[in-house]
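Any read-out appearing in this document is the output of simple, stated calculations on the displayed coordinates, not a laboratory observation. Since we're looking at a predicted model, the values are computed, not measured. We place every Cβ from the backbone using ideal geometry, glycine too, and count neighbours over all the protein chains shown.
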Amino acid sequence: MTVEALSSFEAKWALAHPELPLALRFASASQRPLISALACLGHEIAHAALRIDEPEVASTKLHWWSEELAALPAGGSRHPLTGVLAGHAPTRSLGAGTWSALVEAAMALREAGPASTLEELLARYRAFDLPLARAEAAILERIDIDATAQAMSLSRALHETIRLREALAGSGLPLPLDLLARHGLSRAELGRTHAERDAALREHFGVLASALDASDHRRLSALTAITVHVGGRRARRAARARDPLSMVARDLDRLPLSSAWAGWRAARRLQAGA
């Protein structure tokens, strides 16, 4: 895969995930394309699961990814992103089970109804993020797989909540039903700004902020550490805002200066084996 081809995927996802180009600055020359390819692969599959409205289109894409990832351990990949990963012996040696679990979890996310509780919602995201964490550990062997999967799942819950309007335009619901019940809300009422919806969102953002802050940050990659750092800040601001959805959606293409510190510190910890 050429540098230009990989850069095109990075550029595609950088606006929605500006932490990626920043995190790549802390990667070694040999790790950089692998980290980038895995992150972009995760975004591509998550997009098919959660963003494509047409069921047949989404199903076709996910089944194609299933075939593509099944061929990765044998080096038979056709896609540029999987080609990069297939060229790295540790990711290639993960075996088909890790990759099939990723696509199966994506399909389950696509087909699942609303989650009853936040715990159920996070468990669904974790099923998707755990294979990605295992693949990342094949690139950065010192990361904590469980802590990474937890951090990624919380970050995904925040990411999907920020895009509540997009989810509601389709069939998704990134909020648990017990939260809606506590605030006397229906799915239809989430589409407009009003006091009850904003109170529910403040509660949800507050819970996510606390969970992100309490998560184990000691052995995360620079990418995951930056994502958690930025997500925690955004969730805390939204939890205090009069209009939490508008607040959390501001400047999504920008990162606070402290993000660089979070990434540098995470990279140094992994280098030191801490």
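Relative to the longest principal axis of the Cα atoms of the chain, helix 32-50 runs at roughly 40 degrees. Set the Förster distance to 25 Å, then compute FRET efficiency between His47 and Ser258 from the Cβ-Cβ distance, nearest 0.05. With R0 = 25 Å, the Cβ-Cβ based efficiency is 0.35. Where in the stretch 27-41 does the amide nitrogen come within less than 16 Å of the point 7 Å from the Cα of Gln271, taken along Cα to Cβ? From the stretch 27-41, the list is 27-32.
Helix-only estimate, please: 222 nm mean residue ellipticity of the chain, summing -39500 (n - 2.57) across DSSP H runs of length 4 or more and dividing by its residues, to the nearest 500. Provide the component values of the computation, followed by the final result.
Values: 15 runs with 191 residues, N = 274.
After summing the helix terms and dividing by the residues of the chain, the value is -22000 deg cm²/dmol.
Each listed q (0.16 Å⁻¹) maps to a log10 I(q)/I(0) for the chain from the Debye sum over equal C-alpha point scatterers, namely -1.29. If R0 is 45 Å, the Cβ-Cβ spacing of Glu67 and Arg240 corresponds to a FRET efficiency of close to 0.45. At q = 0.15, 0.25 Å⁻¹ the log10 of I(q)/I(0) for the stretch 23-107 amounts to -0.54, -1.22, computed by Debye summation with a single uniform scatterer per C-alpha, solvent ignored.
If R₀ is 35 angstrom, what is the calculated FRET efficiency for the pair Arg92 and Arg25, using the beta carbon separation as r and rounding to 0.05?
On the way: r = 26 Å, r/R0 = 0.75.
E(calc), rounded to 0.05, equals 0.85.
Taking the chain as the reference, fit the longest principal axis to its C-alpha atoms, fit the long axis of helix 96-111 to the helix C-alpha atoms, and give the angle between the two in degrees, 0 to 90, nearest 10. The two axes meet at around 20 degrees.
Reported to two decimal places, what Rg/Rh ratio describes the stretch 92-227 when computed on Cα atoms with Rh from the Kirkwood expression? Intermediate values should be presented prior to the final figure.
Working: Rg = 16.1 Å, Rh = 15.9 Å.
Result: Rg/Rh = 1.01.
Between Ser116 and Arg78, the distance separating the two model label sites (each 7 Å from Cα on the Cα→Cβ line) works out to 4.2 nm. Please give the helix 3-14 orientation as an angle from the longest Cα principal axis of the chain, in degrees from 0 to 90, rounded to the nearest 10. Rounded to the nearest ten degrees, it is 10.
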